[in-house]
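Novice: Here it is, the structure, as structure tokens.
The values are calculated or read from the model by the stated rules, or taken from the named source; none is laboratory data. Since this is a predicted model, take the numbers as computed values, not measurements. Here the Cβ positions follow ideal geometry from the backbone for every residue, glycine too, while neighbour counts run over all protein chains shown. Just the protein is used for accessible areas: all its heavy atoms, side chains included, with ligands, DNA and RNA removed. Shrake-Rupley method; radii C 1.70, N 1.55, O 1.52, S 1.80 Å.
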Amino acid sequence: MDILIMVGQLILGLTILVGLHELGHMLTAKWFGMRVEKYAIGFPPKIFSKKIGETEYMLGLIPLGGFVKISGMVDESLDTEALQKEPEPYEFRAKPAWQRLIVMMGGIIVNVITGIVIFIALNYYYGETYLPASEVKYGVQPNEMGQDLGFQAGDKIVALNGKPLEKFEDVYSMDMLLGRDSYYTVERKGEQVKIPIPVDFMDRMADNKERMLFVQPRVPFVVGEVAPNSPASKAGLQAGDYIRTVNGESIQFFNDIQAVLQKYAGKPVTIGVERDKELVTLNATVNEDATLGFYQKPLLEYATRDYSLGESIPLGTNQAFGVITANLKGFGKIFRGEVSASKSLSGPIGIAQIFGDTFNWYKFWSITGMLSMVLAFMNFLPIPALDGGHVVFLTYEMISGRKPSDNFLENAQKVGMVLLLGLMAFAIFNDVFKIIF
């Protein structure tokens, strides 16, 4: 069921984005009087198709893309037979270069608009819930990656690149992790210490997604919900209990109990609990996965901010274009050799894992909005067979006044398709390799 939820979200998200992208091409082509022969979401084999007017609308079985076939255009179909004749007025090649350029940009523009609209809507509908930095009174607890970076238990992060930290979530921002010469400023034993981020930090984190949370707030807590028939329930643990000791080891933060339970997985423990200002002793056997079967109730106050539509528009727009900025920084690190391409690139399996095995509308639309901007960015790359490749050739034609030959465009399309198929094969293989190893 978990796999079905992941795959279902992937297919739904890609269907929405690919459908809108190709719709951008189709509508602009029809606007300029070009004949659109086929509009397809997904690749063959065909699941469903219906011809309306001059256009066949098709749904394909393989949900990894889509296409629009416009008469008189050299595209991925490589159907060049019609190009041997004189161009008809309704053909792509018969139209002015500026119209063809708008058609090729149509999908990219629609994806950008889609991403912006999604982020605006999320801010307006859900607002923002965040942890104020002032609430992290007890500092942070670093994992192994955080310790390698230079953090120590109890460090209080006070600034990012010299700017005061307001929202703790900004500690994980792509601006910090992908930026050059980024550093954290922490307060440690009354002194301020700078912790620089190495250029290969993202590369090291890519080996284990859990390392992304390289530091987490030290969270005082009480027991929240207790799972029925769990060791906690059988021991008599109740909601509202304060766990003070486990086998005599002091417990103050949730990470304390996590660390202690790791040592006693599958073994009996004695739990000292404060209940109604009295100390109670309970006996339980820890699960093999080092849990007792209760949910924590954090004693940190999260802040919530609602945004008006006027506030949501610039905020959502900045968030959308922030995705493109992060991609540019990521590509820069790959080209400089600071990040491994194999660790950074993900195919359909990796994207499905990002969606996760539980469905949540906020998370789904957040990821879909991000993917819409990524799709726009990737399609704008100057690679033949992508929209960006066509844009380069059309820009050359408009500047020079000379149109590349159909033979050149056909060969460029073949080269581009080989590159794209190779990249897709690499991404899928890379996803499988990450899962196995």
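Novice: Mind checking the full-extension length gain between residue 32 and residue 396? Use 0.36 nm per residue of separation minus the Cα-Cα distance, one decimal, nm.
Specialist: Separation in residues times 0.36 nm, less the Cα-Cα distance, equals 128.9 nm.
Novice: Mind checking the dipole of segment 299-437: about its Cα centre, +1 per Lys or Arg Cβ, -1 per Asp or Glu Cβ, Debye to the nearest 20?
Specialist: 380 debye
Novice: Let me ask something else. I'd like the distance between the alpha-carbon centres of segment 293-314 and segment 10-52, rounded to an integer number of Å.
Specialist: Here the two parts' Cα centres lie 38 Å apart.
Novice: So for segment 53-160, Kirkwood radius off the Cα pairs, Stokes-Einstein at 37 °C and 0.692 mPa s: how many µm² s⁻¹?
Specialist: It diffuses with D of about 162 µm²/s by this estimate.
Novice: Multiply the residue gap between residue 274 and residue 174 by 0.36 nm, knock off their C-alpha separation, and tell me the result in nm, one decimal place.
Specialist: Details: separation 100, 0.36 × 100 = 36.00 nm, distance 4.12 nm.
Full extension from residue 274 to residue 174 adds 31.9 nm.
Novice: If you take the square roots of the eigenvalues of the alpha-carbon gyration tensor of segment 343-386 and sort them as a ≥ b ≥ c, do you get rounded (a/c under 1.5), prolate (a/b over b/c) or oblate? Walk me through the numbers before you get to the answer.
Specialist: Values: a/c = 3.45, a/b = 1.79, b/c = 1.92.
Verdict is oblate for segment 343-386.
Novice: 222 nm [θ] for the chain, helices only, -39500 (n - 2.57) per DSSP H run of 4+, per residue, to 500?
Specialist: Only helices count here, giving -14500 deg cm²/dmol.
Novice: Just the number, please: carbon plus sulfur as a percent of the accessible area of segment 156-215, 1.4 Å probe, no ligands or DNA/RNA counted.
Specialist: Details: 1690 of 3500 Å².
Ligands and nucleic acids excluded, carbon and sulfur give 48 percent.
Novice: Tell me, what is the FRET efficiency for residue 147 and residue 262 to the nearest 0.05, using R0 = 22 angstrom and their Cβ-Cβ distance as r?
Specialist: Here the calculated transfer efficiency is 0.85.
Novice: So which helices of the chain fit the span-like rule, where a helix is a whole DSSP H run, its Cα atoms reach 24 Å or more along the axis, and its mean Kyte-Doolittle is at least -0.5?
Specialist: Both cut-offs are met by 2-31, 97-126, 309-335, 361-379, 406-436.
Novice: Just 64, 279, 23 to compare: in a GNM of the chain, with alpha carbon springs under 10 Å, which one fluctuates most?
Specialist: Residue with maximal mean-square fluctuation among 64, 279, 23: 279.
Novice: Here's another thing I want to ask about it. Is the shape of segment 220-284 rounded, prolate or oblate, going by the alpha carbon gyration tensor and its root eigenvalues a ≥ b ≥ c, with a/c under 1.5 for rounded and a/b larger than b/c for prolate?
Specialist: Verdict is rounded for segment 220-284.
Novice: Next question. What is the packing order of peptides 176-184, 102-110, taking the mean over residues of other C-beta atoms within 10 Å and listing the highest first?
Specialist: Put in order of decreasing packing, that is 102-110, 176-184.
Novice: Provide the packing ranking of 91-98, 372-379, i.e. peptides ordered by the mean count of other C-beta atoms within 10 Å per residue, highest first.
Specialist: Descending packing order for the listed peptides: 372-379, 91-98.
Novice: Please work out how much length the chain gains when fully extended from residue 128 to residue 325, using 0.36 nm per residue of separation minus the C-alpha to C-alpha distance, in nm with one decimal.
Specialist: Gain on stretching residue 128 to residue 325: 68.8 nm.
Novice: Then there is this: Putting +1 on Lys and Arg Cβ atoms and -1 on Asp and Glu Cβ atoms, find which of 192, 205, 252 reaches farthest to the positive end of the dipole of segment 166-277.
Specialist: After comparing all options, I get 252.
Novice: Pairwise over distinct Cα atoms, reciprocal of the mean inverse distance: report the Kirkwood radius of segment 276-320 in Å, one decimal place.
Specialist: After inverting the mean inverse Cα-Cα distance, the result is 16.0 Å.
Novice: Based on the Cβ-Cβ distance of residue 2 and residue 43, what FRET efficiency does E = 1/(1 + (r/R0)^6) give at R0 = 22 Å, to the nearest 0.05?
Specialist: Step by step, r from the Cβ atoms, then E = 0.25.
Novice: What are the trypsin sites (Lys or Arg not before Pro) within segment 356-421 that DSSP puts in a loop, where the Cβ has at most 12 other Cβ atoms within 10 Å?
Specialist: 402
Novice: Rounded to the nearest 20 Debye, what is the dipole magnitude of the chain about its Cα centre when Lys and Arg each give +1 and Asp and Glu each give -1 at the C-beta? Walk me through the numbers on the way to the answer.
Specialist: Numbers: 40 positive and 47 negative charges, 69 e Å.
The calculation lands at about 340 debye.
Novice: What part of the accessible area of segment 334-418, given as a whole %, is carbon or sulfur when the probe is 1.4 angstrom?
Specialist: Using a 1.4 Å probe with all protein chains present, segment 334-418 comes out at 67 percent carbon and sulfur.
Novice: What does segment 203-339 give for Rg and for Dmax, in Å, if only its C-alpha atoms count?
Specialist: 21.5, 61
Novice: Next question, about the same structure. Rounding to the nearest 20 debye, state how big the charge dipole of segment 360-437 is about its Cα centre with +1 on each Lys and Arg Cβ and -1 on each Asp and Glu Cβ.
Specialist: For segment 360-437, the charge dipole is close to 160 debye.
Novice: Follow-up question, since we're still on this one. What is the P(r) of the chain, as percent of Cα-Cα pairs per 20 Å bin from 0?
Specialist: Percent of Cα pairs in each bin: 20, 46, 25, 8, 0.
Novice: With every protein chain present, what is the per residue accessible area of the chain (1.4 Å probe, Å²)?
Specialist: About 54 Å² of surface per residue is accessible.
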